[in-house]
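This report refers to the structure that appears directly beneath it.
Laboratory data are not the source of any read-out in this text; all were calculated from the coordinates shown. If you're wondering where the values come from, they're calculated on a predicted model, not measured in any experiment. Here the Cβ is made from the backbone with ideal geometry for all residues, glycine too, and neighbour counts use every protein chain on show.
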Amino acid sequence: MSLTYDVRIYEIDVYKGKKTTTYWVQWKVGGRLPLKKRPFKQKALGESFRASLISAARKGEAFYVATGLPVSMTRETQDMTCYELACKYVDLKWPRSAAKTRKTTAEALTAVLPLLFTRTKGKPDDRLIRTALRRWAFNMPGRGDESKPDEIRSTLAWIERNTRPASDLSDPKVLRTVLDGLTLKLDGIPGAPVVVTRRRKIFTGMLEYGTEIKALTENPWKEFKWTPPRSANGGIDRRRVANPMQIRTLFAAVAEQGRIGPRMVAYYGCLYFAALRPEEAAGIIVPRNLILPDSDDEWCTFILETAEPHAGKHWTDSGNNRDRRQLKQRAIGETREVAGPPELTALIRHHIRLFKLGPGGRLFVGERNKNELPILTINRIWRQARKAAFTEEVAASPLAETPYDLRHAAVSTWLNAGISPTQVAEWAGQSPEVLWRNYAKCLDGGQAELRRRVEAGYGARSSGPGLRYVLGTDHR
């Protein structure tokens with residue numbers, strides 16, 4: 001980082017809020033704006049810090065332009081690269097994180113690191129860099145794996161040699177470059193706001209940790225102004241929600257997809273008729289999680305206590321592709337009860353008669369893999385069924401594009417059927433606030449009747465000639 005002796009220190013700026021008073025120490029380094037600022041809750045602390053800055057300036061100390069602090073105040077920081085800081089942050093989060101969270105963190109940091117390279121000479125292939133970072137560097141067991149390929153070793157060595165010092169993250173220019181880069185996909189097209197937000201949160205978490213271990217003198221995010229991409233107001237895209245007739249057409253197409261299709265119908269049925277999340281349905285064990293009646297004409301009951309999200313064997317502690325966890329947004333051991341209508345009962349009973357239960361009473365397993373239901377099978381059969389059931393135009397639309405859209409269709413159907421939102425939220429495993437925010441746009445609201453009233457207001461249904469006469473389209 002560059003140094004300067006051009007320092008100007010201002011009087012403390014006092015901000016009196018409704019409940020607290022904040023004392024802002026302000027100074028300018030290298031003639032640059034904006035001003036460096038640091039808040040204090042007590043006036044004495046602010047004056048003490050300001051006095052330290054004045055003392056350093058009078059002694060002729062150099063100040064870092066990026067951080068605004070004198071050299072004497074930054075000597076205690078650790079000397080490490082951004083790559084080392086990112087690896088330390090991964091190791092901090094790894095033990096207590098779910099497998100899916102570990103993978104998401106690795107993907108976010110893989111997007112960050114290439115924006116912090118100091119040069120491109122001898123730079124390995126971009127795809128190789130991403131693989132080395134995501135699969136090996138930001139995977140705690142993978143980083144220490146002695147069997148990693150030689151090309152991965154050499155790539156990681158290049159990254160470590162050519163990544164900026166962590167202290168550079170205090171420079172607003174560097175910080176802005178990273179944040180702007182996170183908004184773009186590999187092809188330069190703006191990424192989805194939800195992805196950008198997730199990456200930004202992980203990156204700022206790394207900055208906070210860097211401050212904690214003194215790789216940074218302070219978290220630059222506190223004073224940094226950056227406008228993230230504007231995100232939508234939220235809610236489910238109504239175009240994705242299929243009606244009951246479309247769903248049954250899709251289920252019929254699923255049953256016709258070779259040997260695998262018939263064993264998937266009941267799985268998709270759990271997502272639609274009981275609004276289970278895919279990872280919840282994948283982990284059902286009978287009779288522990290499912291009370292099944294003796295007749296196809298009765299309701300079944302799910303007692304959910306765990307979920308099995310798919311992350312990949314490299315990210316789980318067990319070495320399995322699925323990580324067995326507590327239910328989403330719930331404590332360990334907390335359960336959720338959901339009733340399944342007779343149509344779902346019939347599907348499940350038929351499934352058990354044809355394919356039996358898997359090891360330990362697992363309801364859904366793969367044809368070859370009897371320990372879990374492969375995610376590739378779930379998505380592949382669904383894509384094939386959509387292609388078979390829909391026209392080319394409809395298949396290209398978002399309608400029921402993914403298996404998760406079956407859950408959206410279920411919740412929307414319940415709400416439009418007049419079921420209490422509180423009850424629907426309980427069945428779906430969401431808070432009423434989240435439910436309403438996500439599904440308000442999926443309520444029917446009597447659109448046909450509203451449109452009829454609008455037409456009547458314009459007189460379109462009257463006996464007069466209307467606009468057709470004015471346009472010359474009515475030659476009576």
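Output needed for region 309-375: three equivalent-ellipsoid semi-axes, defined as square roots of 5 times the C-alpha gyration tensor eigenvalues, in descending order, whole Å. Before the final figure, lay out each step's value.
Details: eigenvalues 116, 75, 16 Å².
Semi-axes from the Cα gyration tensor: 24, 19, 9 Å.
Treating r as the C-beta distance of THR227 and THR22 and R0 as 22 Å, the FRET efficiency rounds to 0.40.
Here r is the Cβ-Cβ distance between LEU3 and THR402 and R0 is 60 Å; the resulting FRET efficiency, rounded to 0.05, is 0.65. Any chance you could check the Cα centroid distance between region 197-229 and region 78-138 for me, in angstrom? Spelled out, the Cα-based centre of one part sits 16 Å from the other. Please report the base-10 log of the normalised intensity I(q)/I(0) for the chain, using a Debye sum with one equal scatterer per alpha carbon and no solvent, at each q in 0.09, 0.10 (1/Å). Taking Cα atoms of the chain as identical point scatterers yields -0.83, -0.94.
Could you list the chymotrypsin sites (Phe, Trp or Tyr not before Pro) in region 176-221 that lie in coil according to DSSP, counting only those with at most 11 other Cβ atoms within 10 Å of their Cβ?
Details: sites: PHE203, TYR209, TRP221; in loops: none.
Hits after loop and neighbour filter: nothing returned.
Taking every pair of alpha-carbon atoms in region 104-254, what share in percent sits in each 10 Å bin, from 0 to the bin with the longest distance? Using 10 Å bins, I get a P(r) of 9, 31, 30, 15, 10, 5, 0 for region 104-254. Along the Cα-to-Cβ line of ASP91, 7 Å from the Cα, sits a label point; which residues in region 113-144 have backbone N less than 16 Å from it? Those under the cut-off are 136-144.
Calculated FRET efficiency, VAL286 to ASP13, Cβ-Cβ distance, R0 = 45 Å: about 0.10 to the nearest 0.05.
Put simply, the convex hull of the Cα atoms in region 238-441 casts, on average, a shadow of 11.6 nm².
Pairs of lysine residues in region 82-222 that meet both criteria, 8 or more places apart or on different chains and Cα atoms under 21 Å apart, total 23.
Tell me the GluC sites (Glu not before Pro) within region 366-418 that lie in a loop according to DSSP and have at most 13 other beta-carbon atoms within 10 Å.
GLU367
Simple spin-label estimate for LYS121 and ARG380 gives 4.8 nm between the two label positions (7 Å along the Cα-to-Cβ direction from each Cα).
Applying 0.36 nm per residue to the separation of LYS370 and LYS173 and subtracting their alpha-carbon distance, the gain on full extension is 65.6 nm.
Which order do the peptides 430-436, 307-313 take when ranked by the mean count of other beta-carbon atoms within 10 Å per residue, highest first? Intermediate values should be presented prior to the final figure.
Working: 430-436: 15.1, 307-313: 20.1.
Descending mean neighbour count gives 307-313, 430-436.
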